[in-house]
Amino acid sequence: MKTLYLMRHGETLFNQLHKIQGWCDSPLTKKGIDQCLQVRRYFEKNGIIFDYAYSSTSERACDSLELVCDLPYVRLKGLKEVNYGELEGESEEKGCKDPQLCETYYLEFGGESTNTTRDRMVETLTKIMEKENHQCVLAVSHGGACFNFLRAVQDPSDEIKKGFGNCTIFVYEYDKHCFKLIEVIRQGE
């Protein structure tokens, strides 16, 4: 049985300002850095040692991973956030809140379907977990990307109700080409 720790990056300036942030990027805030260091302590305290680490190509994800562990890592475009098109950098109020409507909402703004993000995440994470010697893997990604991956694995309704802020970690078992969510670790838990 293999284990994937899929983590959302730490808080960024755009998160703090409630701006839509997909393929555009903004730096981690002091709080975001502290969140990542808290995750690092969690992994150390619980003796979690990763064989390999991967990150979205976005700076906020790479910076988060570098704060969480000292492993060399691979940057993958497949772990990027949803492309929100012309809504990038706009107020979150202009974003779509309904997961079903989100499937096509961002297309009209030159963005991508959340189904595209879901499929990209499934393909990327499956390729990672199929690799030899990948028993315990850390992958740092984004809120929307993590959500869309989760909805490929199971009904995400319960987890949405609980919320998943910055540095939330989704722990999946990977066995026989299937992912199973076994735990969600949220800040402060």
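The values are calculated or read from the model by the stated rules, or taken from the named source; none is laboratory data. Because the structure is a prediction, the values reported are computed rather than measured. Quick reminder, even Gly has a Cβ in these numbers, built from the backbone with ideal geometry, and neighbours come from all protein chains shown. Heavy atoms of the whole protein, side chains included, go into the accessibility calculation; ligands, DNA and RNA do not. Shrake-Rupley method; radii C 1.70, N 1.55, O 1.52, S 1.80 Å.
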Give a quick list of GluC sites (Glu not before Pro) in segment 69-159 that DSSP marks as loop, anything other than H, G, I, E or B, with at most 12 other Cβ atoms within 10 Å.
GLU130, GLU132
Taking the 0 to 90 degree range and rounding to the nearest ten, how far is the long axis of helix 114-129 tilted relative to the main principal axis of the chain, both from C-alpha atoms?
10
Given the chain, what percent of its DSSP beta bridges are antiparallel, to the nearest 5?
55
Once the Cβ-Cβ distance between ASP98 and GLU59 is put in as r, and R0 is 22 Å, what FRET efficiency do you end up with, to the nearest 0.05?
0.15
Before I look further, what does the chain give for accessible area per residue, probe 1.4 Å, in whole square angstrom?
49
Largest to smallest accessible area among THR126, THR117, THR104 [probe 1.4 Å]:
THR104, THR126, THR117
When the Cα centres of segment 73-107 and segment 133-189 are compared, how far apart do they sit, in Å?
18
Under 1.5 on a/c is rounded, so check that first for segment 1-44, then, if it is not, pick prolate when a/b is larger than b/c and oblate when it is not; a ≥ b ≥ c are the square roots of the alpha carbon gyration tensor eigenvalues.
oblate
Given a cut-off of under 8 Å on Cα pairs at least six residues apart, what relative contact order in percent is computed for segment 54-177?
28
Grab the alpha carbons of segment 16-108, take their convex hull, and tell me the volume per residue in Å³.
122
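Under a Cβ-Cβ cut-off of 13 Å, what is the net charge of the residues other than ILE20 that fall near it, where Lys and Arg count +1 and Asp and Glu count -1?
Computed value for this residue: -4.
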When the chain is modelled as a GNM with alpha-carbon springs shorter than 10 Å, which of VAL140, VAL153, VAL122 fluctuates the most?
VAL153
Treating only Lys and Arg (+1) and Asp and Glu (-1) as charged, each at its beta carbon, one finds that segment 40-189 has a dipole about its Cα centre, in Debye to the nearest 20, of 340
Dipole check, the chain, charges on Cβ (K,R +1; D,E -1), about Cα centroid: among CYS136, VAL82, CYS62 the Cα furthest to the positive pole belongs to CYS136
From zero up to wherever the largest Cα-Cα distance of the chain sits, split into 5 Å bins and tell me the percent of pairs in each.
1, 8, 18, 22, 22, 16, 8, 3, 1, 0
Given a cut-off of 18 Å, what percent of all Cα-Cα pairs of segment 53-149 lie beyond it?
49
Which entries of LYS31/LYS176; LYS30/LYS176; LYS94/LYS176; LYS30/LYS77 show an alpha-carbon separation above 31 angstrom in the structure shown?
LYS31/LYS176; LYS30/LYS176; LYS94/LYS176
Can you work out the Karplus-derived ³J(HN,Hα) for every residue in segment 167-184? Use 6.51 cos²θ - 1.76 cosθ + 1.60 with θ = phi - 60°, whole Hz, and x for glycine or proline.
6, 5, 10, 9, 9, 10, 8, 10, 8, 6, 6, 10, 9, 9, 5, 10, 6, 10
